[in-house]
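The values are calculated or read from the model by the stated rules, or taken from the named source; none is laboratory data. Quick caveat, the model's predicted, so the values are computed rather than measured. Heads up, the Cβs are rebuilt from the backbone with ideal geometry, glycines too, and the neighbour counts pull from every protein chain shown.
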C-alpha cells in the first residue's frame, strides 16, 4: 500500500448560525438502511466520547483528529483515511488543532446490521470465493486504512445519494452500500497482505503472492501467475480482482515499488541499481511510476532518509 491517500469530496461546512455546538456539531441524513452523520469541530478538545449502535464507517474530510480505540494507543486520523468501527464500541477523540479557522470535518456512516448480514450472505451465495472455508467477511481487527481510488469513489457516491432529494435515493443508496462493503473487504485484504498479516492457506492467492515477492526481478506476467494458481488467465484475473480490488499486474507493480522503497533507505545505493533490483528494465519508467505512487522521485525519497 503506497502513501498516497485519495481524498473525498468535502461537503460544505455548516453556516455559523446553524451550529448547535462547537464540538462535534452533527448533521444527519437518514435512509432506510443507513445514516450519514457529518461532524464538525471548531475548538480544541480532548477525549470526546462517541458511540453508535450500528457498525460505522468513518472518513476524515478536513483537519486532524487523534483517535483512541480498543484501549490501544491513540493514532493520528487525517483526510484520505478511513476507520471502520463495530457496533457499540466507544471511541474517544482528541481535536488538537481545531479552531474556527481550521475546523475538523468527518463523516460517519452507520449501517444497519441486517443490511450487512444480507449483503455478505448474497456475496457468499452468488459470488463465492475460491478455496475452502474462504468467505466474504469484514475484518474488525483491520480497521484503519488509506482510501484508494475505488473506495473513495464509492464513499463519494454514497454521500451524494444520502444528501439527494431524489425519490430513488434509498434504492440507489442500497446498491452503493453493497459496493462499499465489497470495497472495504478488498481494501482490508490488500492492507493485510501489505502489512504481512495475511495468512490463509486455504486461499489460492497466498501462494501467488509468495511467488510474486520471490520473483520480483523476473518477467512476471498474467500467464505465469494464472499457471501458478492452476487457473485460466480469465478466471485468475477475475479471482484476483475480486479479492483485492486491483489487477494482478497492478499488484506486481505495487510490490516492486514497495521493495524499491526498502532499498532506497540505503543512502549509498544508486537509483539505477534500485531500478534493476526492483525488477524494472527502464530507469525513466521506474522514476515516473515511483513518483506517481509516492508523489516524489526515488532520489527525493532516498534523501528523506539521509536527512
So is residue 223 outside the structural domain of residue 135 (by TED's automatic domain parsing), under 23 Å from the mean Cα position of the chain (by Cα) and either more than 18 Å from residue 189 (Cβ to Cβ) or in a helix (DSSP H, G or I) (or both) or not? no
How many residues does segment 236-288 hold that are outside any helix (DSSP H, G or I) and closer than 16 Å to residue 193 by Cβ? 3
Residues in segment 289-307 that are part of a helix (DSSP H, G or I) and farther than 25 Å from residue 219 by Cβ: how many? 8
Looking at (1) in the same structural domain as residue 118 (by TED's automatic domain parsing); (2) in contact (Cβ under 8 Å) with a residue 12 or more places away in the chain, can you tell me which one residue 28 breaks? (2)
Can you tell me which condition residue 216 does not meet? The list is (1) surrounded by 13 or more Cβ atoms within 10 Å (Cβ to Cβ); (2) within 29 Å of residue 154 (Cα to Cα); (3) within 26 Å of the chain's Cα centre (by Cα), and all the others hold. (2)
crowded, with 16+ Cβ neighbours inside 10 Å, in the same structural domain as residue 29 (by TED's automatic domain parsing), outside any helix (DSSP H, G or I) and in contact (Cβ under 8 Å) with a residue 12 or more places away in the chain: is that true of residue 161 in this structure? no
Where in segment 52-113 are there strands (runs of 3 or more DSSP E), lying fully within it, with 1 or more residues that are within 21 Å of the chain's Cα centre (by Cα) and surrounded by fewer than 15 Cβ atoms within 10 Å (Cβ to Cβ)? 75-77
Residue 168 being without any contact (Cβ under 8 Å) to a residue 40 or more places away in the chain, within 18 Å of residue 131 (Cα to Cα) and more than 22 Å from the chain's Cα centre (by Cα): no
Out of all the residues in segment 147-156, is one or more assigned to a strand (DSSP E or B), out of contact with any helix residue (DSSP H, G or I) (no Cβ under 7 Å at 6 or more places or on another chain), assigned by TED's automatic domain parsing to the domain that holds residue 189 and at pLDDT below 95? no
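Yes/no per residue for (1) part of a loop (DSSP other than H, G, I, E, B); (2) crowded, with 17+ Cβ neighbours inside 10 Å:
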position: 5; (1), (2): yes, yes
position: 9; (1), (2): yes, no
position: 23; (1), (2): yes, no
position: 26; (1), (2): no, no
position: 29; (1), (2): no, yes
position: 37; (1), (2): no, yes
position: 40; (1), (2): no, yes
position: 46; (1), (2): no, no
position: 49; (1), (2): no, no
Take the residues in segment 194-204 that are free of Cβ contacts under 8 Å to residues at least 40 places away in the same chain and in contact with a helix residue (DSSP H, G or I) (Cβ under 8 Å, 6 or more places away or on another chain), then tell me which one is surrounded by the fewest Cβ atoms within 10 Å (Cβ to Cβ). 199
